[in-house]
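Here the structure is laid out as structure tokens; the discussion comes afterwards.
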């Protein structure tokens with residue numbers, strides 16, 4: 001089963017609008033490291049994340065990641081252990097063990113590094129697209145994109161259009177199955 005590691009960027013975006021449950025549309029076990037949870041400082045995202053972790057029994061530790069912290073710090077050039085380091089440590093650990101690993105993040109550096117190391121990567125828009133693929137009506141997907149945009153993600157016009165296009169594609173795929 002794929003381990004899916006969640007970054008603060010997506011947790012803040014979805015938590016700010018009370019939609020963290022969308023993350024449960026992924027098949028795999030979700031992990032939120034405590035250091036990532038500590039990076040979610042804005043309300044209501046912080047409270048919603050705490051509830052989400054308890055309600056869905058979200059994992060908060062991972063041995064393979066813990067074994068690769070020093071290597072991840074080196075890869076990222078980070079002097080301290082932060083959420084990015086833990087996420088990349090997870091990718092390093094799982095790819096070294098030839099096991100599937102995914103990162104959900106909107107942080108460009110984390111996404112690029114994780115993908116370059118062999119991890120699967122998606123972001124907040126990908127979470128919404130996945131929900132549409134799993135049966136969420138596309139109109140609700142558009143509304144989610146707009147709500148996230150109004151609460152802090154701040155999409156460019158072209159990114160919003162791309163999000164709508166991906167939602168349409170997911171809806172078309174879901175309806176043809």
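Just a few scattered comments:
- From the list 131, 170, the lone residue that is at pLDDT 95 or above, under 18 Å from residue 24 (Cα atoms) and out of contact with any strand residue (DSSP E or B) (no Cβ under 7 Å at 6 or more places or on another chain) is 131.
- Of all positions in segment 134-157, none carries a residue that is under 21 Å from residue 101 (Cβ atoms) and in a helix (DSSP H, G or I).
- Hits in segment 116-146 (condition: at positive phi and in contact with a helix residue (DSSP H, G or I) (Cβ under 6 Å, 6 or more places away or on another chain)): 118
- Unmet criterion (only one of (1) in the same structural domain as residue 10 (by TED's automatic domain parsing); (2) under 15 Å from the mean Cα position of the chain (by Cα)) for residue 128: (1)
The values are calculated or read from the model by the stated rules, or taken from the named source; none is laboratory data. Predicted model only: the values in this text are computed from it and were never measured. Virtual Cβ from ideal backbone geometry, glycine too; neighbours counted across all protein chains shown.
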